[in-house]
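**Q** Supplied in structure tokens, the structure appears directly below.
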Amino acid sequence: MSTNRESRYALRELVENWALWRDAGDWDRFATVWDPAEGWMSATWFQGPATEFIAASKAGFDRGVSILHFLGGHTADIADDRAVSQTKMTINQRGSIDGVEVDVVCTGRFYDFCRRHRGEWKIVRRQPIYEKDCLHLVDPSAELKLDRTLLDRFPAGYRHLGYLQTKAGFTVQAGLPGLTGEAVQRLYEEGAHWLAGSAAPGNPH
């Protein structure tokens, strides 16, 4: 059995591999970070099994969809062969809104339910926490007027990200966890239950 220090290093490496392999389009290696039986991904634009997320990400990558991830601080709570990992991150997406090219930067955390599978840590469920976001014009001299009704459809944590993705044709989920509020408190409770031995990693549906 590895020590907690070794597990923390392995969990950090797992999260880094997720970001690097996904953003590089290294789909075969990206598939190895997930629990093979129960891997589940939740995002603004996707909710479903990891296998379907990989396929959807590859399809978007091939179409030129530009979504990149950058990682910051990391911590993990570990209980035997289970862990809850949290990693500061930003999601950077470039796209077009009404013909104007923009970058949206969303800051938050990856909240990962992890389990040891055949001696290696894997992600069973990933739920991002969306803390705040902003929108920048790629060409500062361009002009863009946002639809306030559409913008206000989404919580402050991913308001501009939801706006851009909706304009790009995605169906964006409402009510995802933010810095505070009911949704993130429920996620924390699910994480505590997971560490205590619950049968499932919360209710990602």
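The values are calculated or read from the model by the stated rules, or taken from the named source; none is laboratory data. Keep in mind the model is a prediction, meaning the values are calculated, not measured. Here the Cβ is made from the backbone with ideal geometry for all residues, glycine too, and neighbour counts use every protein chain on show.
**Q** I want to confirm something. Restricting to the stretch 115-169 and keeping residues that are within 14 Å of Asp103 (Cβ to Cβ) and of a type in the set (A, V, I, L, M), which single residue is surrounded by the most Cβ atoms within 10 Å (Cβ to Cβ)?
**A** The extreme case among them is Leu161.
**Q** Quick one: Thr107 ticks every box in (1) closer than 23 Å to Arg186 by Cβ; (2) in contact with a helix residue (DSSP H, G or I) (Cβ under 6 Å, 6 or more places away or on another chain); (3) of a type in the set (Val, Ile, Thr) except a single one, so which number is it?
**A** Answer for Thr107: the failing condition is (2).
**Q** Kindly establish whether Glu131 is in contact (Cβ under 8 Å) with a residue 12 or more places away in the chain, in contact with a Gly (Cβ under 7 Å, 6 or more places away or on another chain) and closer than 30 Å to Tyr9 by Cβ.
**A** Numbers: in contact (Cβ under 8 Å) with a residue 12 or more places away in the chain: yes; in contact with a Gly (Cβ under 7 Å, 6 or more places away or on another chain): yes; closer than 30 Å to Tyr9 by Cβ: yes.
The answer is yes for Glu131.
**Q** Filter the stretch 76-104 for residues that are of a type in the set (Val, Ile, Thr) and either in contact with a helix residue (DSSP H, G or I) (Cβ under 8 Å, 6 or more places away or on another chain) or crowded, with 17+ Cβ neighbours inside 10 Å (or both); which is farthest from Lys145 (Cα to Cα)?
**A** Among residues in the stretch 76-104 that are of a type in the set (Val, Ile, Thr) and either in contact with a helix residue (DSSP H, G or I) (Cβ under 8 Å, 6 or more places away or on another chain) or crowded, with 17+ Cβ neighbours inside 10 Å (or both), the one farthest from Lys145 (Cα to Cα) is Ile78.
**Q** Sticking with this one: When you scan the stretch 131-174, how many residues do you find that are in a helix (DSSP H, G or I) and either of a type in the set (Lys, Arg) or over 20 Å from the mean Cα position of the chain (by Cα) (or both)?
**A** Just the residues of the stretch 131-174 that are in a helix (DSSP H, G or I), to begin with: 148-151, 156-167.
Still in the running and either of a type in the set (Lys, Arg) or over 20 Å from the mean Cα position of the chain (by Cα) (or both): 148-151, 159, 167.
Number satisfying all stated conditions: 6.
**Q** Follow-up question, since we're still on this one. If you check Arg109, Arg63, which single one turns out to be basic (Lys, Arg), buried (at least 19 other Cβ atoms within 10 Å of the Cβ) and either more than 17 Å from Gly197 (Cβ to Cβ) or in contact with a Ser or Thr (Cβ under 7 Å, 6 or more places away or on another chain) (or both)?
**A** Arg109
**Q** Of everything in the stretch 174-205 that's over 12 Å from Arg82 (Cβ atoms) and hydroxyl-bearing (Ser, Thr, Tyr), which residue is surrounded by the most Cβ atoms within 10 Å (Cβ to Cβ)?
**A** Among them, the one singled out is Tyr188.
**Q** Hey, another quick one. Considering the stretch 167-184 alone, what residues qualify as being farther than 19 Å from Met41 by Cα and modelled with pLDDT of 95 or more? Full working, then the answer.
**A** Looking only at the stretch 167-184, we keep the residues that are farther than 19 Å from Met41 by Cα, and these are 167-169, 179-182.
Listed by number, the residues that qualify are Lys167, Leu179, Thr180, Gly181, Glu182.
**Q** Can you report the number of residues in the stretch 8-29 which are buried (at least 20 other Cβ atoms within 10 Å of the Cβ) and either closer than 23 Å to Asp77 by Cβ or over 14 Å from the mean Cα position of the chain (by Cα) (or both)?
**A** The qualifying residues number 4.
**Q** Next question, about the same structure. Identify, please: which residue in the stretch 193-205 is touching a residue at least 12 places away in the same chain (Cβ under 8 Å) and assigned to a helix (DSSP H, G or I) and is, among those, nearest to Thr44 (Cα to Cα)?
**A** Trp194
**Q** Considering only the stretch 42-60, state which residues are hydroxyl-bearing (Ser, Thr, Tyr) and within 13 Å of the chain's Cα centre (by Cα).
**A** Answer for the stretch 42-60, where residues must be hydroxyl-bearing (Ser, Thr, Tyr) and within 13 Å of the chain's Cα centre (by Cα): Ser42, Thr44, Ser57.
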